[in-house]
Amino acid sequence: MTASRTPTANLERLDRLMDEAGLDAVVLRSGQNFTYLSGVVYPGTLARHQDLSDSTRAVLLLWPRRGAPVVIANKTAAGLARRDAWVERVELYEGYVQSPYEKLAQVLHDAGLGGARVGLERDYVNVRDWELLQRHAPQLRMSDCTALMDRVRWIKTDEEVRMIRRAADLLDDVYREVFGRIRPGDTERKIHADMMATCLAKGFEWAHGILNSDKNTIPYAGESDFVIREGDVIRTDYVAYLNGYPGHQSRNVVVGRPSDAQRRDYATNLEIYRAAIDRCRAGARVDDLYAYVMNEFGKHGWSYNSLLIGHGVGAWWHQQEPILRRGSEVLLEEGMVLALEPHKDHWHVQDMIRVGRGAPELLSPKFNTDEPYIVAV
């Protein structure tokens, strides 16, 4: 490890779960796991190569249970790894000519791990590369470590929580600024572009999200020229990344004075939403949380049209395990960070919380959601 940077990942939990699984090492190539354990946040094209399983320019992280970790990168990606990673050793392979898995086999052999039991992410290692690694390291015992790494990541360290809280505060600053500039006659495209530009101006590395009016039936708008009018409800759902960790919140805007029906529906949705948050305590079963929300919506004659009521968050990508969905037997654990978002159509409030033994801790408290944001006209 370098002296200048300290890992933010939950290494104690990683060691324990690797021991339970009998793994001598893990090899990670997904953006969420590579970023989590290396500290490197790749931008742009380099980021896409982490997300595409067929990339011939993948960057790998070999993390042995004992011994020093190694980044395996091509020349284009190596510079940022050497600058930002808390991993000291970077091994180069020739991009487009040599496979990173061929280089991995060599590194494993040199480390005495050629016949070790190694976990890889089956979700991110395609058949071509899995077979290639088997060919170059025939004694290697390979297994899937995807679920193991999900379980490692979903318990956050104090430093991770600090980074998430900072990103959440900054995203709410963006919301306030952009909402203050909304006027009737603006298009969804204009407001969405303002959100993106303001996120980047504030220092976020990248951002994405949803913005659309309740009068626009296309669910993923924001890129449309639909015109916002007085009386419209605007739904927002944005994620912005700072040092690889997200601010992830949803806020509502009403253009002009809200009607009685709008105030009533917002308040009802907010009541169900906050009650669901309060139930997110250590030991709660995800399927029970989902059933509670469905039952509460049903009491008001509302149908629930979303696929989930929330999800974990973490490095690189905001929607991580545990996914709060129907049928999940996962039990919430102390230290999880979740984004909760049970919502009625465009009445969409979302915040991030840290699960504890008692009431969860709100990590995105900067924006008052007691009422929707009102644009004066």
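None of the figures in this text is laboratory data; all of them are computed from the coordinates on show. Here the structure is a predicted model, which is why all the values come from computation and not from measurement. All Cβ positions, even for glycine, are placed from backbone atoms using ideal geometry, and neighbour counts span all protein chains on display.
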task: Using only Cα atoms, find the angle between the long axis of helix 286-299 and the longest principal axis of the chain, and express it within 0 to 90 degrees, rounded to the nearest 10.
output: 10 degrees
- request: Evaluate the relative contact order of the chain (contact order divided by residue number), counting alpha-carbon pairs under 8 angstrom at least 6 apart; express in whole percent.
  value: 15 percent
field: Most mobile listed residue (I277, I155, I182) in the chain, GNM with C-alpha springs under 10 Å
entry: I182
Listed pairs K202/K344; K202/K366; K299/K344; K156/K366; K156/K299 exceeding 24 Å between Cα atoms: K202/K344; K156/K299
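Once you sort the root eigenvalues of the Cα gyration tensor of the chain as a ≥ b ≥ c, which label holds: rounded (a/c under 1.5), prolate (a/b larger than b/c) or oblate (the other case)?
Working: a/c = 2.37, a/b = 1.77, b/c = 1.34.
In terms of gyration-tensor shape, prolate.
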Cleavage-rule hits, trypsin sites (Lys or Arg not before Pro), the stretch 299-377, DSSP coil, Cβ neighbours within 10 Å at most 15: R326, R357
The chain: most fluctuating residue of L148, L338, L307 per GNM, C-alpha cutoff 10 Å: L307
- request: Considering only G301, G356, G314, give the residue with the highest GNM mean-square fluctuation for the chain, with springs between Cα atoms whenever their separation is below 10 Å.
  value: G301
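Cβ under 11 Å from R16's Cβ, R16 left aside: what net charge do those residues give with Lys, Arg +1 and Asp, Glu -1? Don't skip to the answer; put the middle values down first.
Working: positive: R13, R65, R151; negative: E12, D15, D19, E20.
Value of the local net charge: -1.
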- prompt: Rounded, prolate or oblate: which one fits the stretch 11-153, using the alpha carbon gyration tensor with axes a ≥ b ≥ c (rounded when a/c is under 1.5, else prolate when a/b beats b/c, else oblate)?
  reply: rounded
statement: Classified through the alpha carbon gyration tensor (a ≥ b ≥ c as square roots of its eigenvalues; rounded if a/c is under 1.5, else prolate when a/b is larger than b/c, else oblate), the stretch 158-375 comes out oblate
- prompt: Cross-link partners among lysines for K75, C-alpha distance below 30 Å, same-chain residues fewer than 8 apart left out?
  reply: K103
message: Give me a comma-separated list of calculated 3J(HN,Hα) values for the stretch 249-264, in order, Karplus coefficients 6.51, -1.76, 1.60 applied at θ = phi - 60°, integers in Hz, x for any Gly or Pro.
response: 9, 10, 9, 10, 10, 10, 8, x, 5, x, 6, 4, 5, 5, 4, 5
DSSP-defined antiparallel bridges as percent of all bridges, the chain, nearest 5: 75 percent
statement: What helix-only [θ] at 222 nm does the chain give? Using -39500 (n - 2.57) per DSSP H run of at least 4, over all residues, to the nearest 500, the answer is -11500 deg cm²/dmol
